[in-house]
1. Of the candidates 279, 228, 93, which one comes out as most mobile in a Gaussian network treatment of the chain with C-alpha springs shorter than 10 Å?
2. Quick one: 3J(HN,Hα) in Hz for segment 117-123, Karplus 6.51/-1.76/1.60 with θ = phi - 60°, rounded, Gly and Pro as x.
3. Need the full-extension length gain, residue 9 to residue 83, defined as separation in residues times 0.36 nm minus the C-alpha distance. One decimal, nm.
4. With viscosity set to 1.002 mPa s at 20 °C, what whole-number translational diffusion coefficient in µm²/s follows for the chain from Stokes-Einstein and a Kirkwood radius over Cα pairs?
5. With unit charges on the beta carbon (Lys/Arg positive, Asp/Glu negative), name the residue among 156, 254, 219 whose Cα is farthest towards the positive pole of the charge dipole of the chain.
6. Helix 130-157 against the longest principal axis of the chain: what's the angle in degrees, Cα atoms only, rounded to the nearest 10?
7. With no solvent and one point per C-alpha, what does the Debye sum give as log10 I(q)/I(0) for segment 1-41 at q = 0.20, 0.26 Å⁻¹?
8. Lysines near residue 15 by alpha-carbon distance under 23 Å, same-chain residues fewer than 8 away left out - which ones?
Amino acid sequence: MPISIHYQTASKEWKQAESDATVPSDALFIWYDFVQASTEESELLTTQFHFDPLAIEDTIKTVSRPKLKEYPEYHFLVCHLVNADDYRARAVNLFMKDHILVTYHQDDLNKLGTIGEEIQKRYPSQPLTPADVAFVILDFIVDSYFEYVYHVEDEVFSFEDRHVNDTADNKLMEDVFQIRAVMIKLKRVILPMQELIQHLKDETAFTKTKKQQLYLHHIEDHIIKQMNIIKSAQEMTSDIRDNYDSLSSYRLNNVMKILTLVSVIFLPLTLITGIYGMNFSHMPELQWDYGYVAVLVVMLLISMGLIIYFKLKKWF
(Lines give C-alpha, C1' and ligand atoms only; values in the text may rest on other atoms or scores of the structure.)
Protein backbone atom coordinates (compact mmCIF):
# COMPACT_ATOMS: atom_id res chain seq x y z
CA MET A 1 0.00 0.00 0.00
CA PRO A 2 1.44 3.45 -0.91
CA ILE A 3 2.71 5.64 1.90
CA SER A 4 0.18 8.34 2.80
CA ILE A 5 1.73 11.79 3.27
CA HIS A 6 -0.03 14.75 4.90
CA TYR A 7 1.49 18.10 5.73
CA GLN A 8 0.73 21.53 7.14
CA THR A 9 1.53 24.42 4.87
CA ALA A 10 3.10 27.70 5.92
CA SER A 11 -0.40 29.19 5.94
CA LYS A 12 -1.57 26.53 8.44
CA GLU A 13 -3.57 24.53 5.86
CA TRP A 14 -3.79 20.74 6.08
CA LYS A 15 -3.10 18.96 2.79
CA GLN A 16 -2.22 15.58 1.36
CA ALA A 17 0.77 15.04 -0.92
CA GLU A 18 0.97 12.53 -3.75
CA SER A 19 4.63 11.84 -3.03
CA ASP A 20 7.50 13.06 -0.89
CA ALA A 21 8.75 15.20 -3.77
CA THR A 22 5.53 17.26 -3.84
CA VAL A 23 5.80 18.32 -0.20
CA PRO A 24 6.81 22.02 -0.14
CA SER A 25 10.08 22.88 1.50
CA ASP A 26 8.39 25.39 3.83
CA ALA A 27 5.92 22.83 5.24
CA LEU A 28 5.53 23.32 8.97
CA PHE A 29 4.74 19.69 9.68
CA ILE A 30 4.82 16.40 7.71
CA TRP A 31 3.11 13.11 8.55
CA TYR A 32 4.26 9.91 6.82
CA ASP A 33 1.76 7.09 7.33
CA PHE A 34 2.98 3.53 6.55
CA VAL A 35 0.00 1.15 6.23
CA GLN A 36 0.78 -2.52 5.49
CA ALA A 37 4.14 -1.37 4.16
CA SER A 38 6.12 -3.49 1.74
CA THR A 39 9.74 -4.50 2.37
CA GLU A 40 11.00 -1.66 0.17
CA GLU A 41 8.80 0.88 1.95
CA SER A 42 9.89 -0.40 5.36
CA GLU A 43 13.52 0.15 4.41
CA LEU A 44 12.81 3.90 4.27
CA LEU A 45 12.71 3.87 8.08
CA THR A 46 16.45 3.24 7.90
CA THR A 47 17.58 4.94 4.69
CA GLN A 48 15.48 8.10 4.83
CA PHE A 49 14.63 8.65 8.49
CA HIS A 50 17.64 6.93 10.13
CA PHE A 51 15.73 5.45 13.05
CA ASP A 52 17.38 3.08 15.49
CA PRO A 53 17.60 -0.51 14.13
CA LEU A 54 16.18 -1.98 17.34
CA ALA A 55 13.18 0.35 17.21
CA ILE A 56 12.65 -0.59 13.56
CA GLU A 57 12.83 -4.29 14.45
CA ASP A 58 10.19 -3.77 17.15
CA THR A 59 8.06 -1.92 14.62
CA ILE A 60 8.20 -4.41 11.76
CA LYS A 61 8.61 -7.83 13.36
CA THR A 62 6.92 -7.71 16.75
CA VAL A 63 3.96 -6.29 18.65
CA SER A 64 5.72 -4.42 21.43
CA ARG A 65 4.06 -3.50 24.70
CA PRO A 66 2.73 0.10 24.72
CA LYS A 67 5.66 2.34 25.59
CA LEU A 68 7.37 5.67 25.10
CA LYS A 69 11.09 5.51 24.41
CA GLU A 70 13.27 8.58 24.09
CA TYR A 71 16.20 8.67 21.67
CA PRO A 72 18.64 11.58 21.26
CA GLU A 73 16.86 12.91 18.14
CA TYR A 74 13.33 11.55 18.37
CA HIS A 75 10.66 9.81 20.47
CA PHE A 76 9.31 6.35 19.76
CA LEU A 77 5.73 5.67 20.88
CA VAL A 78 3.88 2.34 20.64
CA CYS A 79 0.08 2.19 20.99
CA HIS A 80 -2.34 -0.70 20.62
CA LEU A 81 -5.50 -1.12 18.58
CA VAL A 82 -7.98 -3.94 19.19
CA ASN A 83 -8.31 -6.51 16.44
CA ALA A 84 -12.03 -6.92 15.76
CA ASP A 85 -11.68 -10.62 14.90
CA ASP A 86 -9.93 -12.00 17.97
CA TYR A 87 -9.51 -8.97 20.29
CA ARG A 88 -5.73 -9.20 20.08
CA ALA A 89 -3.48 -6.15 20.21
CA ARG A 90 -2.42 -4.57 16.92
CA ALA A 91 0.47 -2.13 17.22
CA VAL A 92 0.50 1.45 15.96
CA ASN A 93 4.08 2.72 16.04
CA LEU A 94 4.85 6.44 16.03
CA PHE A 95 8.24 8.10 15.45
CA MET A 96 8.35 11.81 16.35
CA LYS A 97 11.34 13.71 15.03
CA ASP A 98 11.61 17.54 14.73
CA HIS A 99 8.62 18.53 12.55
CA ILE A 100 8.07 14.99 11.22
CA LEU A 101 5.72 12.24 12.41
CA VAL A 102 6.08 8.71 11.01
CA THR A 103 3.38 6.13 11.78
CA TYR A 104 3.73 2.43 10.96
CA HIS A 105 0.83 0.00 11.36
CA GLN A 106 -1.13 -2.79 9.70
CA ASP A 107 -4.66 -1.44 10.25
CA ASP A 108 -6.00 1.54 8.34
CA LEU A 109 -6.33 4.47 10.72
CA ASN A 110 -9.21 5.79 8.63
CA LYS A 111 -11.34 3.17 10.35
CA LEU A 112 -10.89 5.13 13.54
CA GLY A 113 -12.34 8.32 12.09
CA THR A 114 -11.33 11.37 10.13
CA ILE A 115 -8.11 12.16 11.95
CA GLY A 116 -7.23 14.97 9.56
CA GLU A 117 -10.48 16.80 10.31
CA GLU A 118 -9.91 16.39 14.03
CA ILE A 119 -6.40 17.81 13.70
CA GLN A 120 -7.71 20.88 11.85
CA LYS A 121 -10.48 21.35 14.40
CA ARG A 122 -8.19 21.16 17.43
CA TYR A 123 -5.27 23.10 15.97
CA PRO A 124 -6.80 25.50 13.42
CA SER A 125 -4.27 28.31 13.52
CA GLN A 126 -1.06 27.10 15.12
CA PRO A 127 1.99 25.23 13.86
CA LEU A 128 1.66 21.52 14.51
CA THR A 129 4.16 19.42 16.40
CA PRO A 130 4.51 15.62 16.19
CA ALA A 131 3.22 15.36 19.77
CA ASP A 132 0.04 17.28 18.84
CA VAL A 133 -0.85 14.84 16.08
CA ALA A 134 0.27 11.87 18.20
CA PHE A 135 -2.26 12.86 20.87
CA VAL A 136 -5.04 13.05 18.28
CA ILE A 137 -4.13 9.54 17.04
CA LEU A 138 -3.92 8.29 20.64
CA ASP A 139 -7.36 9.77 21.32
CA PHE A 140 -8.87 7.98 18.33
CA ILE A 141 -7.24 4.71 19.36
CA VAL A 142 -8.59 4.92 22.90
CA ASP A 143 -12.05 5.96 21.66
CA SER A 144 -12.09 2.93 19.34
CA TYR A 145 -12.13 0.72 22.47
CA PHE A 146 -15.64 1.95 23.33
CA GLU A 147 -17.15 -0.14 20.52
CA TYR A 148 -15.88 -3.34 22.14
CA VAL A 149 -16.40 -2.26 25.74
CA TYR A 150 -20.01 -1.22 25.15
CA HIS A 151 -20.65 -4.48 23.30
CA VAL A 152 -19.45 -6.46 26.33
CA GLU A 153 -21.56 -4.30 28.63
CA ASP A 154 -24.66 -4.91 26.48
CA GLU A 155 -23.96 -8.65 26.48
CA VAL A 156 -23.81 -8.69 30.28
CA PHE A 157 -26.91 -6.55 30.86
CA SER A 158 -28.96 -8.55 28.35
CA PHE A 159 -27.76 -11.86 29.75
CA GLU A 160 -30.92 -12.55 31.75
CA ASP A 161 -33.22 -11.74 28.82
CA ARG A 162 -31.26 -14.03 26.51
CA HIS A 163 -31.30 -16.96 28.95
CA VAL A 164 -34.66 -16.55 30.65
CA ASN A 165 -36.05 -19.66 28.92
CA ASP A 166 -32.86 -21.71 28.88
CA THR A 167 -33.08 -25.06 30.58
CA ALA A 168 -29.56 -26.24 29.76
CA ASP A 169 -27.09 -25.06 32.38
CA ASN A 170 -24.11 -25.81 30.14
CA LYS A 171 -25.26 -23.31 27.52
CA LEU A 172 -25.71 -20.63 30.15
CA MET A 173 -22.25 -21.10 31.63
CA GLU A 174 -20.60 -21.28 28.21
CA ASP A 175 -22.04 -17.82 27.49
CA VAL A 176 -20.67 -16.51 30.81
CA PHE A 177 -17.19 -17.84 30.13
CA GLN A 178 -17.20 -16.48 26.57
CA ILE A 179 -18.03 -13.00 27.85
CA ARG A 180 -15.34 -13.22 30.51
CA ALA A 181 -12.81 -14.40 27.91
CA VAL A 182 -13.53 -11.31 25.79
CA MET A 183 -13.16 -9.05 28.84
CA ILE A 184 -9.79 -10.59 29.68
CA LYS A 185 -8.58 -10.03 26.12
CA LEU A 186 -9.76 -6.42 26.20
CA LYS A 187 -8.02 -5.83 29.52
CA ARG A 188 -4.79 -7.17 28.03
CA VAL A 189 -4.98 -4.31 25.52
CA ILE A 190 -6.52 -1.50 27.55
CA LEU A 191 -4.62 -1.91 30.83
CA PRO A 192 -1.13 -1.47 29.26
CA MET A 193 -2.48 1.54 27.36
CA GLN A 194 -3.71 3.01 30.64
CA GLU A 195 -0.21 2.55 32.08
CA LEU A 196 1.24 4.24 28.99
CA ILE A 197 -1.03 7.25 29.40
CA GLN A 198 -0.03 7.53 33.04
CA HIS A 199 3.61 7.45 31.94
CA LEU A 200 2.95 10.18 29.36
CA LYS A 201 1.44 12.37 32.08
CA ASP A 202 4.64 12.07 34.08
CA GLU A 203 6.90 12.59 31.05
CA THR A 204 7.18 16.39 31.00
CA ALA A 205 9.73 16.32 28.17
CA PHE A 206 7.06 14.87 25.89
CA THR A 207 3.95 16.67 27.14
CA LYS A 208 5.21 20.24 26.99
CA THR A 209 2.15 22.50 26.66
CA LYS A 210 -0.85 23.01 28.90
CA LYS A 211 -3.14 22.13 26.00
CA GLN A 212 -1.40 18.80 25.54
CA GLN A 213 -1.69 18.06 29.24
CA LEU A 214 -5.43 18.80 29.19
CA TYR A 215 -5.85 16.63 26.10
CA LEU A 216 -4.02 13.80 27.83
CA HIS A 217 -6.34 14.13 30.85
CA HIS A 218 -9.27 13.88 28.44
CA ILE A 219 -7.86 10.66 26.97
CA GLU A 220 -7.17 9.29 30.45
CA ASP A 221 -10.79 9.95 31.49
CA HIS A 222 -11.99 7.85 28.58
CA ILE A 223 -9.75 4.90 29.33
CA ILE A 224 -10.64 5.04 33.05
CA LYS A 225 -14.32 4.91 32.07
CA GLN A 226 -13.64 1.89 29.87
CA MET A 227 -11.80 0.07 32.64
CA ASN A 228 -14.64 0.83 35.06
CA ILE A 229 -17.18 -0.60 32.62
CA ILE A 230 -15.12 -3.77 32.22
CA LYS A 231 -14.67 -4.05 35.99
CA SER A 232 -18.40 -3.67 36.55
CA ALA A 233 -19.15 -6.26 33.86
CA GLN A 234 -16.66 -8.68 35.44
CA GLU A 235 -18.32 -8.28 38.83
CA MET A 236 -21.73 -8.96 37.29
CA THR A 237 -20.51 -12.10 35.52
CA SER A 238 -18.93 -13.21 38.81
CA ASP A 239 -22.32 -12.75 40.49
CA ILE A 240 -23.97 -14.75 37.69
CA ARG A 241 -21.41 -17.52 38.14
CA ASP A 242 -21.84 -17.52 41.93
CA ASN A 243 -25.63 -17.65 41.55
CA TYR A 244 -25.25 -20.56 39.17
CA ASP A 245 -22.99 -22.39 41.64
CA SER A 246 -25.50 -21.75 44.43
CA LEU A 247 -28.39 -22.94 42.26
CA SER A 248 -26.44 -26.06 41.25
CA SER A 249 -25.66 -26.80 44.89
CA TYR A 250 -29.31 -26.28 45.84
CA ARG A 251 -30.48 -28.64 43.09
CA LEU A 252 -27.86 -31.22 44.04
CA ASN A 253 -28.89 -31.04 47.70
CA ASN A 254 -32.51 -31.58 46.74
CA VAL A 255 -31.61 -34.59 44.64
CA MET A 256 -29.46 -36.03 47.43
CA LYS A 257 -32.25 -35.42 49.94
CA ILE A 258 -34.79 -37.27 47.80
CA LEU A 259 -32.38 -40.14 47.22
CA THR A 260 -31.65 -40.34 50.94
CA LEU A 261 -35.35 -40.44 51.85
CA VAL A 262 -36.01 -43.12 49.26
CA SER A 263 -33.08 -45.11 50.65
CA VAL A 264 -34.44 -44.77 54.21
CA ILE A 265 -37.89 -45.94 53.06
CA PHE A 266 -36.54 -49.00 51.29
CA LEU A 267 -34.03 -49.90 54.01
CA PRO A 268 -36.50 -51.75 56.35
CA LEU A 269 -38.20 -53.32 53.32
CA THR A 270 -34.87 -54.61 52.10
CA LEU A 271 -34.15 -55.93 55.60
CA ILE A 272 -37.41 -57.88 55.69
CA THR A 273 -36.99 -59.33 52.20
CA GLY A 274 -33.41 -60.19 53.05
CA ILE A 275 -34.42 -62.08 56.16
CA TYR A 276 -37.19 -64.02 54.45
CA GLY A 277 -34.98 -64.67 51.49
CA MET A 278 -32.62 -66.84 53.55
CA ASN A 279 -32.81 -70.57 52.85
CA PHE A 280 -33.71 -71.94 56.28
CA SER A 281 -36.36 -74.61 56.87
CA HIS A 282 -37.47 -73.36 60.29
CA MET A 283 -38.51 -69.71 60.17
CA PRO A 284 -41.54 -67.97 61.79
CA GLU A 285 -44.71 -68.07 59.68
CA LEU A 286 -42.85 -69.87 56.88
CA GLN A 287 -45.64 -72.40 56.50
CA TRP A 288 -48.49 -69.94 57.24
CA ASP A 289 -50.96 -69.54 54.40
CA TYR A 290 -51.24 -65.79 54.91
CA GLY A 291 -47.55 -65.19 55.62
CA TYR A 292 -46.79 -63.66 52.23
CA VAL A 293 -49.76 -61.26 52.40
CA ALA A 294 -48.95 -60.36 55.99
CA VAL A 295 -45.35 -59.46 55.11
CA LEU A 296 -46.55 -57.30 52.20
CA VAL A 297 -49.01 -55.51 54.49
CA VAL A 298 -46.29 -54.89 57.08
CA MET A 299 -43.95 -53.57 54.39
CA LEU A 300 -46.69 -51.28 53.06
CA LEU A 301 -47.47 -49.96 56.55
CA ILE A 302 -43.80 -49.27 57.21
CA SER A 303 -43.48 -47.40 53.91
CA MET A 304 -46.62 -45.32 54.47
CA GLY A 305 -45.58 -44.58 58.03
CA LEU A 306 -42.16 -43.29 56.94
CA ILE A 307 -43.67 -41.18 54.15
CA ILE A 308 -46.20 -39.62 56.55
CA TYR A 309 -43.41 -38.96 59.06
CA PHE A 310 -41.23 -37.24 56.43
CA LYS A 311 -44.23 -35.18 55.28
CA LEU A 312 -44.88 -34.00 58.84
CA LYS A 313 -41.20 -33.04 59.12
CA LYS A 314 -41.55 -31.23 55.76
CA TRP A 315 -38.57 -33.10 54.37
CA PHE A 316 -40.42 -33.73 51.11
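1. 279
2. 5, 5, 4, 5, 6, 7, 10
3. 23.2 nm
4. For these conditions, the coefficient is 85 µm²/s.
5. Working it through, the farthest residue towards the positive pole turns out to be 254.
6. Once rounded, the angle reads 20 degrees.
7. Debye curve over Cα of segment 1-41, log10 I(q)/I(0) at q = 0.20, 0.26 Å⁻¹: -0.58, -0.84.
8. 97, 111, 121
The values are calculated or read from the model by the stated rules, or taken from the named source; none is laboratory data. As the structure is a prediction and not an experimental result, all values here were calculated from the model. No Cβ is skipped: glycine too gets one built from the backbone with ideal geometry, and neighbour counts run over all protein chains shown. Quick note on the areas: whole protein, heavy atoms, side chains included, nothing else; ligands and nucleic acids left out. Shrake-Rupley method; radii C 1.70, N 1.55, O 1.52, S 1.80 Å.
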